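Notes to accompany the following structure.
The values are calculated or read from the model by the stated rules, or taken from the named source; none is laboratory data. Quick caveat, the model's predicted, so the values are computed rather than measured. Note: ideal-geometry Cβ built from the backbone for every residue, glycine included; neighbour counts use all protein chains shown.
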Amino acid sequence: MTVAVALLAVLVMASAIAVVEVKHQTRSLFLNLEKLQAERDRLNTEWSRLRLEQGALATHSRVERIAREDFQLEMPAGEDIVLIRSGRPEGDQ
């Protein structure tokens, strides 16, 4: 009888320790989850900001201004423009 009581006491203690360990792991994982969600939100915000910045930097007027000011590019005269058509020649079908 004493052995059974001792065995049950050991099992109860082991169960209590297991509950505490599982609870600790749960809290640790939850904290990690919250950190990862905060990081995800920060990255989403940064991604949105970068997309807006890219859109602003790629506007036609900005590219044209940089081409004119920084690279001294000019629009060619009409007679200097050559139109090249892609695709099959007119005789081929």
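Entry remark, region 41-59: residues being of a type outside the set (A, V, I, L, M, F, W, C) and modelled with pLDDT under 90 number 0 in total. Report whether or not Val3 is assigned to a helix (DSSP H, G or I), loosely packed, with under 10 Cβ neighbours inside 10 Å and aliphatic (A, V, I, L, M). So Val3 passes the test. Taking residues in region 40-57 that are surrounded by 10 or more Cβ atoms within 10 Å (Cβ to Cβ), and partners anywhere that are in a helix (DSSP H, G or I) and among the aliphatic types (A, V, I, L, M), the pairs with Cβ atoms closer than 9 Å and at least 6 places apart or on different chains are Leu57/Val63.
For the condition in a helix (DSSP H, G or I) and either surrounded by 10 or more Cβ atoms within 10 Å (Cβ to Cβ) or at pLDDT 95 or above (or both), Val12 qualifies. Each residue in region 66-88 was checked for being in a loop (DSSP other than H, G, I, E, B) and among the basic types (Lys, Arg), and 2 pass.
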